[in-house]
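Chemist: Dumping the structure here so I can ask a few things about it.
The values are calculated or read from the model by the stated rules, or taken from the named source; none is laboratory data. From a predicted model like this one, the values you see are computed outputs, not experimental measurements. Reconstructed Cβ throughout: ideal geometry from the backbone, glycine too, with neighbour counts over all protein chains shown. Only protein heavy atoms, including side chains, enter the accessible area calculation; ligands, DNA and RNA are left aside. Shrake-Rupley method; radii C 1.70, N 1.55, O 1.52, S 1.80 Å.
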Amino acid sequence: GASLAVGDLDGDGDGEVVAGAPYLAVRGAERAGAVLVYDVEPDAPIRLAEVQFLSSAEDGDLLGTSVATPHIDGRDIIAAGAPGHAKAALFYCTSLLDPRVAGRRCQ
């Protein structure tokens, strides 16, 4: 990945690895980029758990050039830069998060 961060996205007390892949093609858009989330657990140390990308992905967005996992509203979320078209994205919702604590935003 071009960038890496660690954050507790699912709230289980250990971190998930977030890797930016800015040159990944997304739904036919070249170099749109994506953020790959790996849930590192003792029984499955290298498991790709989720892929996040922009719903409006365009050729050359380069999402994932930078990634961070800021702590907001009591949990970690994903922040990712897409400098190809001066975009940034916040991913509040993840399939890893228990729906009971995900909040209204993730419904």
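Chemist: Taking 0.36 nm per intervening residue step and subtracting the Cα-Cα distance, what contour gain separates Asp8 from Cys93 on full extension? The partial results should precede the final answer.
Modeler: Details: separation 85, 0.36 × 85 = 30.60 nm, distance 1.26 nm.
Here the answer is 29.3 nm.
Chemist: Quick check for me: using +1 on Lys/Arg Cβ and -1 on Asp/Glu Cβ, what's the dipole size of the range 1-75 about its Cα centre, in debye to the nearest 20? Intermediate values should be presented prior to the final figure.
Modeler: Details: 4 positive and 14 negative charges, 64 e Å.
Around 300 debye, computed over the range 1-75.
Chemist: Which value, in Å² rounded to 10, gives the accessible area of Ile78 with a 1.4 Å probe and all protein chains present?
Modeler: Approximately 0 Å² for this residue.
Chemist: Expressed as a whole number of Å, what is the distance separating the alpha-carbon centroids of the range 1-33 and the range 51-98?
Modeler: Comparing the Cα centres of the range 51-98 and the range 1-33, I get a distance of 8 Å.
Chemist: Stokes-Einstein D for the chain at 20 °C, 1.002 mPa s, Kirkwood Rh over Cα pairs, in µm²/s?
Modeler: It diffuses with D of about 155 µm²/s by this estimate.
Chemist: What list of ³J(HN,Hα) couplings, whole Hz, do you get for the range 88-101 from phi and the Karplus terms 6.51, -1.76, 1.60, once you set θ to phi - 60° and write x for glycine and proline?
Modeler: Per-residue couplings from phi come out as 9, 9, 10, 10, 7, 9, 9, 5, 6, 7, 4, x, 5, 10 Hz.
Chemist: Next question. Springs between alpha-carbon pairs under 10 angstrom, Gaussian network model over the chain: which of Ala44, Ala82, Ala68 fluctuates most?
Modeler: Checking each option, the largest mean-square fluctuation is seen for Ala44.
Chemist: Please find, in a Gaussian network model of the chain (springs between Cα atoms separated by less than 10 Å), the residue of Ser56, Ser66, Ser95 whose mean-square fluctuation is greatest.
Modeler: Sorting by GNM fluctuation, first place goes to Ser56.
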